[in-house]
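The values are calculated or read from the model by the stated rules, or taken from the named source; none is laboratory data. All values reported here derive from a predicted model rather than from experimental measurement. Note: ideal-geometry Cβ built from the backbone for every residue, glycine included; neighbour counts use all protein chains shown. Just so you know, the surface numbers come from the protein's heavy atoms only, side chains and all, with ligands and any DNA or RNA stripped out. Shrake-Rupley method; radii C 1.70, N 1.55, O 1.52, S 1.80 Å.
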Amino acid sequence: MSRIERAEVFVASPGRNFVTLRITTSDGVTGLGDATLNGRELAVASYLRDHLVPLLIDRDPARIEDMWQFLYKGAYWRRGPVTMTAISAVDTALWDIKGKVAGLPVYQLLGGRSRHGVTVYAHASGADVPSLLDDVERFLELGYRAVRAQAAVPEVGGTYGVRKGAGIYEPASTALPDEQPWDTDAYLGFAPTYLEAVRERFGFGFHLLHDVHHRLTPIEAAQFGKRVEGCRLFWMEDPTPAENQEAFRLIRRHTTTPIAVGEVFSSIWDVQQLITEQLIDYVRTTVVHAGGITHLRRIFDLAALYQVRTGSHGATDLSPVTLAAAVHLDTAVPNFGIQEYMPHAPETLEVFRSGVRFADGMLVPSEEPGLGVEYDAEAAARFPYQPRYLPVARRLDGSVHDW
Ligand code: KDG
Ligand code: MG
């Protein structure tokens, strides 16, 4: 029997911080898992190194489901992003190994192809409306069929999702949290006008998305959704902080704008009510934060029963290992909706060599056995970890708001 011989945890910052698990079997087969939890990276690295790696050694890498149950139930403490991100990394690495042993890409192990490509959405943003419109145009010219639009709110000089300059949007860019101003009234007055400007200029021949990023109360979210109905958004994302799941009933009562929620959640139990009560249209849980391929498949299957479709989180703080795993899963599941896609920085792609390819607004998985991603640990060593925090939002009176 093959057994797990080694499990290494790498923390490196090629472009941004990533935590990566590499498992090696007694037959010399390796598997990769992403364990990156933005702004709290070292907690997951320690969870893996200090608590999970000793449990992996000498176990059978083929028993993926059993390993999931062993690590989840064995912790006793339920859910939580740190535990679930660590379990995700082990689970994803074992799927990678199973694919390599079988000589099959992971999507084949998941039941094979349901579609020839995975439609993705790009992130357009602007410091003002003209530059947002230019950015939307750029993505449409690159062949994207779906674009998310975010513009800086003039009264506060910014907001979530707006790139500075031409580079990649990276909110965790400071050694201590950047405290940013927020004004809900200004946002509610402004955001609908630029979404309308996008539709006026480019029409309805592509999907338009918007991320509210947890900033509204339920009734504000209802007003917003109702106001933008004419824009026919593909979704409004995270309109309210979703710990309060009842809130979505109120939002639903007032608007038909579709709702996407789930990027901050880490288990099926966190999205159970949202799905079974049909309070959302898209579930945004991901491979890296929601228990790996095994558990995310379980969430997606529950969602399918309620015609809730998938829309996995895919910002750049999710490593190319997560992106590859997501594209395999998206390729296989019947209720795929859309995949978020922000191309990684060149330094990231120097360390993670991935076979995922973009063409015609879609991603396609690698045909290599496993996930189709290689990790260059020597290259990674050139990019040491850098302490980085996500920003914090403060209202104009100085009190803390949801970022
Ligand atoms: O680490 C946090 C980011 O991944 C998150 O803010 C990005 O909301 C996000 C999105 O929709 O990509
Ligand atoms: Mg989001």
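May I ask you to list the residues in segment 70-114 that are among the charged types (D, E, K, R) and either on the phi > 0 side of the Ramachandran plot or part of a helix (DSSP H, G or I) (or both)?
Within segment 70-114, Lys73, Arg79, Asp91, Asp96, Lys98, Lys100 meet the criteria.
Of the residues screened, Pro192 is one that is at negative phi and part of a helix (DSSP H, G or I).
Please go through segment 46-63 and give me each residue that is buried (at least 21 other Cβ atoms within 10 Å of the Cβ) and assigned to a helix (DSSP H, G or I), ordered by number. Walk me through it before giving the result.
Of the residues in segment 46-63, the ones buried (at least 21 other Cβ atoms within 10 Å of the Cβ) are 47-48, 52, 56, 61.
Hits for segment 46-63 are Tyr47, Leu48, Leu52, Leu56.
Cβ-Cβ contacts under 9 Å between residues 6 or more apart (or on different chains), taken from a first residue in segment 260-286 that is acidic (Asp, Glu) to a second residue that is in a helix (DSSP H, G or I) and at pLDDT 95 or above, are listed as Glu277/Phe248; Glu277/Arg249. For segment 259-284, a residue qualifies if it is more than 16 Å from ligand 2 (Cβ to nearest atom) and either hydroxyl-bearing (Ser, Thr, Tyr) or part of a helix (DSSP H, G or I) (or both), and the qualifying residues are Ser267, Ile268, Trp269, Gln272, Gln273, Ile275, Thr276.
Considering only residues that are of a type in the set (Val, Ile, Thr), open to solvent by less than 10 Å² (accessible area, probe 1.4 Å) and either in contact with an Asp or Glu (Cβ under 8 Å, 6 or more places away or on another chain) or closer than 17 Å to Thr257 by Cα (or both), which ones fall in segment 277-304? Write out each step before concluding.
Restricting attention to segment 277-304, the residues satisfying the condition of being of a type in the set (Val, Ile, Thr) are 280, 283, 285-288, 293-294, 299.
Remaining after also requiring open to solvent by less than 10 Å² (accessible area, probe 1.4 Å): 280, 283, 285-288, 293, 299.
Scanning segment 277-304 gives Ile280, Val283, Thr285, Thr286, Val287, Val288, Ile293.
Scanning segment 379-400 for residues that are farther than 30 Å from Asp185 by Cβ and outside any loop (DSSP other than H, G, I, E, B) yields Ala379, Ala380, Ala381.
Please verify whether segment 232-239 includes one or more residues that are closer than 30 Å to Ala45 by Cβ, within 15 Å of the chain's Cα centre (by Cα) and surrounded by 22 or more Cβ atoms within 10 Å (Cβ to Cβ). Please lay out each step first, then the result.
Initial filter on segment 232-239 (closer than 30 Å to Ala45 by Cβ): 237-238.
Keeping just the survivors that are within 15 Å of the chain's Cα centre (by Cα) gives 237-238.
Filter again for surrounded by 22 or more Cβ atoms within 10 Å (Cβ to Cβ), leaving 237-238.
Within segment 232-239 (the criterion being closer than 30 Å to Ala45 by Cβ, within 15 Å of the chain's Cα centre (by Cα) and surrounded by 22 or more Cβ atoms within 10 Å (Cβ to Cβ)), the answer is yes, since at least one residue qualifies.
Here Thr310 meets the list (1) open to solvent by 10 Å² or more (accessible area, probe 1.4 Å); (2) touching a helix residue (DSSP H, G or I) at 6+ places or on another chain (Cβ under 7 Å) almost entirely, failing just condition (1). Here is the figure for segment 240-258: residues that are assigned to a loop (DSSP other than H, G, I, E, B) and within 25 Å of the chain's Cα centre (by Cα) total 10.
Quick check on segment 83-103. Is at least one of its residues within 16 Å of ligand 2 (Cβ to nearest atom) and in contact (Cβ under 8 Å) with a residue 40 or more places away in the chain? No: segment 83-103 contains no residue that is within 16 Å of ligand 2 (Cβ to nearest atom) and in contact (Cβ under 8 Å) with a residue 40 or more places away in the chain.
Only one of the listed residues (Glu200, Glu220) is in a helix (DSSP H, G or I) and closer than 22 Å to Ala393 by Cα. That residue is Glu220.
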